[in-house]
1. Please tell me if Arg121 is of a type in the set (Lys, Arg) and assigned to a helix (DSSP H, G or I).
2. Going by the conditions given, is Thr11 among the β-branched types (Val, Ile, Thr) and under 22 Å from Arg119 (Cβ atoms)?
3. If a residue must be surrounded by 16 or more Cβ atoms within 10 Å (Cβ to Cβ) and in contact with a helix residue (DSSP H, G or I) (Cβ under 8 Å, 6 or more places away or on another chain), how many such residues does region 121-142 contain?
4. Please report, ordered by residue number, the helices (runs of 4 or more DSSP H) entirely within region 1-99 with at least 3 residues that are out of contact with any helix residue (DSSP H, G or I) (no Cβ under 8 Å at 6 or more places or on another chain), buried (at least 19 other Cβ atoms within 10 Å of the Cβ) and free of Cβ contacts under 8 Å to residues at least 60 places away in the same chain.
5. Based on this model, can you work out whether Ser154 counts as modelled with pLDDT of 95 or more, within 30 Å of Ala12 (Cα to Cα) and either of a type in the set (Phe, Trp, Tyr) or surrounded by fewer than 19 Cβ atoms within 10 Å (Cβ to Cβ) (or both)?
Amino acid sequence: MRIALINPNTTASMTRKMASAAVAVAAPSSEIVAITAATGPASIEGYYDEALAVPGLLAELRKSEAAGADAAIIGCFDDTGLDAARAMAGIPVLGLCESALSLASLVAKRITIVTTDLRARVPVEELVGRYGMAGKVRVRATGSPVLALEDPRSPAVSRLKAEIALALEADHAEAIVLGCAGMADLAQSLLQEFGVPVIDGVGAAVKQAEALVTLRLTTSKRGAYSFPAPKAFRGYPAGQHG
(Lines give C-alpha, C1' and ligand atoms only; values in the text may rest on other atoms or scores of the structure.)
Protein backbone atom coordinates (compact mmCIF):
# COMPACT_ATOMS: atom_id res chain seq x y z
CA MET A 1 0.00 0.00 0.00
CA ARG A 2 1.41 3.39 -0.99
CA ILE A 3 0.20 6.45 0.91
CA ALA A 4 1.13 9.93 -0.31
CA LEU A 5 1.62 12.38 2.57
CA ILE A 6 1.47 15.82 0.97
CA ASN A 7 2.60 18.89 2.87
CA PRO A 8 0.75 21.81 1.23
CA ASN A 9 3.28 24.31 2.54
CA THR A 10 6.87 24.58 1.30
CA THR A 11 8.73 23.92 4.58
CA ALA A 12 10.63 20.66 4.05
CA SER A 13 11.57 20.25 7.74
CA MET A 14 7.86 20.00 8.58
CA THR A 15 7.42 17.36 5.89
CA ARG A 16 10.23 15.29 7.41
CA LYS A 17 8.65 15.58 10.87
CA MET A 18 5.29 14.41 9.55
CA ALA A 19 6.92 11.58 7.62
CA SER A 20 8.61 10.27 10.75
CA ALA A 21 5.32 10.32 12.65
CA ALA A 22 3.56 8.55 9.77
CA VAL A 23 6.18 5.82 9.40
CA ALA A 24 6.11 5.19 13.15
CA VAL A 25 2.46 4.09 13.06
CA ALA A 26 2.12 2.69 9.53
CA ALA A 27 1.73 -1.02 8.94
CA PRO A 28 4.86 -2.83 7.70
CA SER A 29 3.19 -3.26 4.31
CA SER A 30 2.51 0.47 3.93
CA GLU A 31 4.91 2.80 2.14
CA ILE A 32 4.75 6.46 3.16
CA VAL A 33 5.74 8.81 0.33
CA ALA A 34 6.26 12.26 1.84
CA ILE A 35 6.04 15.24 -0.51
CA THR A 36 6.61 18.96 -0.01
CA ALA A 37 4.58 21.25 -2.25
CA ALA A 38 6.69 23.00 -4.87
CA THR A 39 4.65 26.19 -4.62
CA GLY A 40 2.72 27.85 -1.83
CA PRO A 41 3.28 29.56 1.52
CA ALA A 42 5.99 28.55 3.99
CA SER A 43 3.27 27.91 6.59
CA ILE A 44 -0.53 27.88 6.62
CA GLU A 45 -1.96 30.15 9.27
CA GLY A 46 -5.36 31.30 8.11
CA TYR A 47 -7.63 31.62 5.11
CA TYR A 48 -5.24 33.54 2.85
CA ASP A 49 -2.45 30.99 3.26
CA GLU A 50 -4.92 28.18 2.61
CA ALA A 51 -5.98 29.71 -0.70
CA LEU A 52 -2.36 30.11 -1.80
CA ALA A 53 -1.60 26.48 -0.93
CA VAL A 54 -4.39 24.76 -2.86
CA PRO A 55 -2.95 24.88 -6.43
CA GLY A 56 0.37 23.36 -5.35
CA LEU A 57 -1.42 20.74 -3.27
CA LEU A 58 -3.65 19.64 -6.16
CA ALA A 59 -0.66 19.46 -8.50
CA GLU A 60 1.18 17.13 -6.10
CA LEU A 61 -1.94 15.04 -5.56
CA ARG A 62 -2.40 14.60 -9.29
CA LYS A 63 1.22 13.47 -9.67
CA SER A 64 0.97 11.11 -6.68
CA GLU A 65 -2.12 9.41 -8.01
CA ALA A 66 -0.53 9.03 -11.45
CA ALA A 67 2.54 7.48 -9.78
CA GLY A 68 0.42 4.80 -8.12
CA ALA A 69 -0.57 6.13 -4.70
CA ASP A 70 -3.43 4.16 -3.13
CA ALA A 71 -4.43 7.00 -0.78
CA ALA A 72 -3.36 10.54 0.06
CA ILE A 73 -3.16 12.61 3.23
CA ILE A 74 -3.18 16.41 3.24
CA GLY A 75 -0.59 17.36 5.85
CA CYS A 76 -2.28 20.44 7.29
CA PHE A 77 -4.66 20.60 10.23
CA ASP A 78 -6.86 23.15 8.42
CA ASP A 79 -7.82 20.36 5.97
CA THR A 80 -6.60 22.70 3.25
CA GLY A 81 -8.20 21.99 -0.14
CA LEU A 82 -9.77 18.77 1.11
CA ASP A 83 -13.04 19.05 -0.79
CA ALA A 84 -11.32 20.01 -4.04
CA ALA A 85 -8.85 17.16 -3.60
CA ARG A 86 -11.60 14.63 -3.02
CA ALA A 87 -13.50 15.87 -6.04
CA MET A 88 -10.41 15.55 -8.24
CA ALA A 89 -8.85 12.31 -7.03
CA GLY A 90 -9.93 8.75 -7.61
CA ILE A 91 -8.22 7.57 -4.41
CA PRO A 92 -9.18 8.23 -0.78
CA VAL A 93 -7.98 11.64 0.46
CA LEU A 94 -7.86 12.39 4.18
CA GLY A 95 -7.43 15.60 6.17
CA LEU A 96 -5.74 15.83 9.55
CA CYS A 97 -8.50 17.61 11.45
CA GLU A 98 -11.31 15.33 10.30
CA SER A 99 -9.20 12.23 10.93
CA ALA A 100 -8.09 13.35 14.38
CA LEU A 101 -11.57 14.34 15.52
CA SER A 102 -13.20 11.16 14.29
CA LEU A 103 -10.60 9.12 16.17
CA ALA A 104 -10.83 11.27 19.30
CA SER A 105 -14.59 10.76 19.41
CA LEU A 106 -13.96 7.05 19.93
CA VAL A 107 -12.01 7.60 23.15
CA ALA A 108 -13.48 10.73 24.78
CA LYS A 109 -16.63 12.82 25.18
CA ARG A 110 -14.91 16.14 25.94
CA ILE A 111 -12.09 17.06 23.58
CA THR A 112 -9.87 20.11 23.28
CA ILE A 113 -7.88 20.99 20.18
CA VAL A 114 -4.73 23.00 20.86
CA THR A 115 -3.59 24.85 17.76
CA THR A 116 -0.90 27.47 17.10
CA ASP A 117 -1.39 31.08 16.03
CA LEU A 118 -4.56 32.89 17.06
CA ARG A 119 -5.48 33.28 13.37
CA ALA A 120 -5.87 29.51 13.15
CA ARG A 121 -8.49 29.33 15.87
CA VAL A 122 -11.52 30.47 13.87
CA PRO A 123 -10.85 28.21 10.84
CA VAL A 124 -10.42 25.24 13.17
CA GLU A 125 -13.61 26.12 15.06
CA GLU A 126 -15.44 26.21 11.75
CA LEU A 127 -14.13 22.74 10.92
CA VAL A 128 -15.32 21.47 14.30
CA GLY A 129 -18.81 22.73 13.47
CA ARG A 130 -18.68 21.31 9.98
CA TYR A 131 -17.77 17.88 11.32
CA GLY A 132 -20.70 17.97 13.75
CA MET A 133 -18.65 18.15 16.93
CA ALA A 134 -19.29 21.68 18.20
CA GLY A 135 -20.97 20.40 21.36
CA LYS A 136 -18.02 18.30 22.52
CA VAL A 137 -14.89 20.07 21.21
CA ARG A 138 -13.22 23.29 22.34
CA VAL A 139 -10.35 25.02 20.54
CA ARG A 140 -7.39 26.73 22.19
CA ALA A 141 -4.46 28.56 20.58
CA THR A 142 -0.94 28.88 21.96
CA GLY A 143 -0.25 32.20 20.22
CA SER A 144 2.90 30.79 18.64
CA PRO A 145 3.33 30.80 14.85
CA VAL A 146 3.54 27.46 13.08
CA LEU A 147 7.21 27.81 12.14
CA ALA A 148 8.15 28.37 15.78
CA LEU A 149 7.66 24.62 16.20
CA GLU A 150 10.64 24.15 13.89
CA ASP A 151 12.88 26.25 16.17
CA PRO A 152 14.08 24.45 19.32
CA ARG A 153 14.90 27.82 20.91
CA SER A 154 11.30 29.07 20.74
CA PRO A 155 8.79 28.78 23.61
CA ALA A 156 6.25 27.06 21.31
CA VAL A 157 6.36 23.68 23.06
CA SER A 158 6.18 25.14 26.56
CA ARG A 159 3.17 27.23 25.49
CA LEU A 160 1.56 24.12 24.05
CA LYS A 161 2.01 22.30 27.34
CA ALA A 162 0.55 25.25 29.25
CA GLU A 163 -2.57 25.22 27.06
CA ILE A 164 -2.98 21.47 27.51
CA ALA A 165 -2.83 21.92 31.27
CA LEU A 166 -5.51 24.63 31.05
CA ALA A 167 -7.66 22.41 28.83
CA LEU A 168 -7.57 19.61 31.38
CA GLU A 169 -8.44 21.96 34.24
CA ALA A 170 -10.81 24.52 32.71
CA ASP A 171 -12.38 22.53 29.85
CA HIS A 172 -12.42 19.22 31.74
CA ALA A 173 -10.97 17.75 28.56
CA GLU A 174 -10.71 13.97 28.40
CA ALA A 175 -8.52 13.96 25.27
CA ILE A 176 -6.27 16.45 23.49
CA VAL A 177 -5.99 16.85 19.73
CA LEU A 178 -2.83 18.50 18.44
CA GLY A 179 -4.02 21.19 16.04
CA CYS A 180 -0.99 21.51 13.79
CA ALA A 181 0.97 19.11 11.59
CA GLY A 182 4.15 20.58 13.07
CA MET A 183 3.23 18.98 16.41
CA ALA A 184 3.25 15.47 14.94
CA ASP A 185 6.38 14.41 16.81
CA LEU A 186 5.04 15.39 20.24
CA ALA A 187 1.99 13.16 20.70
CA GLN A 188 3.60 10.26 22.55
CA SER A 189 5.65 12.35 24.95
CA LEU A 190 2.61 14.53 25.77
CA LEU A 191 0.47 11.44 26.35
CA GLN A 192 3.02 10.21 28.88
CA GLU A 193 3.29 13.61 30.56
CA PHE A 194 -0.43 14.38 30.89
CA GLY A 195 -1.93 10.90 31.18
CA VAL A 196 -4.77 11.42 28.69
CA PRO A 197 -5.13 10.45 25.02
CA VAL A 198 -3.18 12.88 22.84
CA ILE A 199 -4.09 12.52 19.18
CA ASP A 200 -1.98 13.65 16.25
CA GLY A 201 -3.79 14.03 12.94
CA VAL A 202 -0.97 12.51 10.91
CA GLY A 203 -1.08 9.20 12.76
CA ALA A 204 -4.87 9.18 12.76
CA ALA A 205 -4.99 9.81 9.01
CA VAL A 206 -2.45 7.07 8.25
CA LYS A 207 -4.48 4.41 10.06
CA GLN A 208 -7.73 5.58 8.46
CA ALA A 209 -6.11 5.62 5.02
CA GLU A 210 -4.98 2.04 5.55
CA ALA A 211 -8.49 1.04 6.58
CA LEU A 212 -10.11 2.66 3.54
CA VAL A 213 -7.69 1.04 1.11
CA THR A 214 -8.08 -2.36 2.78
CA LEU A 215 -11.87 -2.06 2.59
CA ARG A 216 -11.65 -0.85 -1.03
CA LEU A 217 -13.51 2.34 -0.22
CA THR A 218 -12.92 5.71 -1.81
CA THR A 219 -14.76 9.02 -2.16
CA SER A 220 -18.20 8.73 -3.70
CA LYS A 221 -18.42 10.45 -7.06
CA ARG A 222 -22.13 11.15 -6.82
CA GLY A 223 -23.32 14.62 -5.86
CA ALA A 224 -20.83 16.93 -4.17
CA TYR A 225 -17.71 15.05 -5.21
CA SER A 226 -18.66 14.33 -8.81
CA PHE A 227 -15.97 15.62 -11.16
CA PRO A 228 -17.30 16.71 -14.56
CA ALA A 229 -15.06 17.66 -17.45
CA PRO A 230 -13.22 20.86 -16.44
CA LYS A 231 -14.32 24.11 -18.01
CA ALA A 232 -11.94 26.38 -19.88
CA PHE A 233 -10.71 29.44 -18.00
CA ARG A 234 -8.25 32.28 -18.50
CA GLY A 235 -7.75 31.43 -22.14
CA TYR A 236 -6.84 27.77 -21.60
CA PRO A 237 -8.88 25.17 -23.48
CA ALA A 238 -10.83 22.65 -21.42
CA GLY A 239 -8.73 19.80 -20.11
CA GLN A 240 -5.40 21.63 -20.47
CA HIS A 241 -5.26 23.78 -17.36
CA GLY A 242 -3.78 22.95 -13.93
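The values are calculated or read from the model by the stated rules, or taken from the named source; none is laboratory data. Note that the structure is a prediction, hence the values are computed from the model and not measured. Glycine also receives a Cβ, built like all others from the backbone with ideal geometry; neighbour counts cover every protein chain displayed.
1. So Arg121 fits the description; yes.
2. Working: among the β-branched types (Val, Ile, Thr): yes; under 22 Å from Arg119 (Cβ atoms): yes.
In short, yes.
3. 12
4. 47-66
5. Working: modelled with pLDDT of 95 or more: no; within 30 Å of Ala12 (Cα to Cα): yes; either of a type in the set (Phe, Trp, Tyr) or surrounded by fewer than 19 Cβ atoms within 10 Å (Cβ to Cβ) (or both): yes.
No; evaluated as a whole, the condition is false for this residue.
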